[in-house]
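Structure first, then comments.
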Amino acid sequence: MLILAHVLVVLVALLHVYFLVLEMFLWTRPLGLKTFRNTPEKAETTRVLAANQGLYNGFLAAGLLWFLYTWQWNVVLFFLGCVVAAALYGAWSVNKRIFFVQGVPAIAAIAAVCSLP
């Protein structure tokens, strides 16, 4: 179960690195436009807001990967909880699929971490 917990936490962190790249660097590019279902005009006007959002996703990823150095599961659970909170808010305010893309992996990681002895 320890390996599964590590893999799931790293997976959630890598998802947030991917979100950082999408929101900070690819927001106005074809992949960003398709992913977020934006028009070029809307993407251009929201570019700075998306970059800020991407930065926050980078902080979540950094916090999750911090455990590789500290081995403090309480830190991991805190950041996974932040991811679930963000997923719930995103699902409520933007699109329900955010919960499945962002929240479900974090909940799986929480379950794996909480099952450790």
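If you go through segment 80-95 and pick out every residue that is at pLDDT below 95 and over 18 Å from ALA50 (Cα atoms), you end up with 0.
For first residues located in segment 1-12 and polar (S, T, N, Q), partners that are crowded, with 16+ Cβ neighbours inside 10 Å and lie 6+ apart or on another chain with Cβ distances below 9 Å do not occur.
If only one of LEU49, LEU26 is assigned to a helix (DSSP H, G or I) and of a type outside the set (Gly, Ala, Ser), which one is it?
LEU49
Give the number of residues within segment 36-46 that are loosely packed, with under 15 Cβ neighbours inside 10 Å and in a helix (DSSP H, G or I).
So the answer is 5.
A single entry from VAL12, VAL21 fulfils the requirement of being farther than 19 Å from ALA109 by Cα, of a type outside the set (D, E, K, R), modelled with pLDDT of 95 or more and assigned to a helix (DSSP H, G or I): VAL21. The residue pairs whose first member lies in segment 28-53 and is over 17 Å from VAL17 (Cα atoms), whose second member is at pLDDT 95 or above and outside any helix (DSSP H, G or I), and whose beta carbons are closer than 7 Å, counting only pairs six or more residues apart or on different chains, are PRO40/THR28; ALA43/TRP27; ALA43/THR28; GLU44/THR28; ARG47/TRP27; ARG47/THR28.
The values are calculated or read from the model by the stated rules, or taken from the named source; none is laboratory data. Only a predicted model underlies this, so the values are computations on that prediction, with no experimental measurement involved. Please note: Cβ atoms are built from the backbone with ideal geometry, for glycine as well, and neighbour counts cover all protein chains shown.
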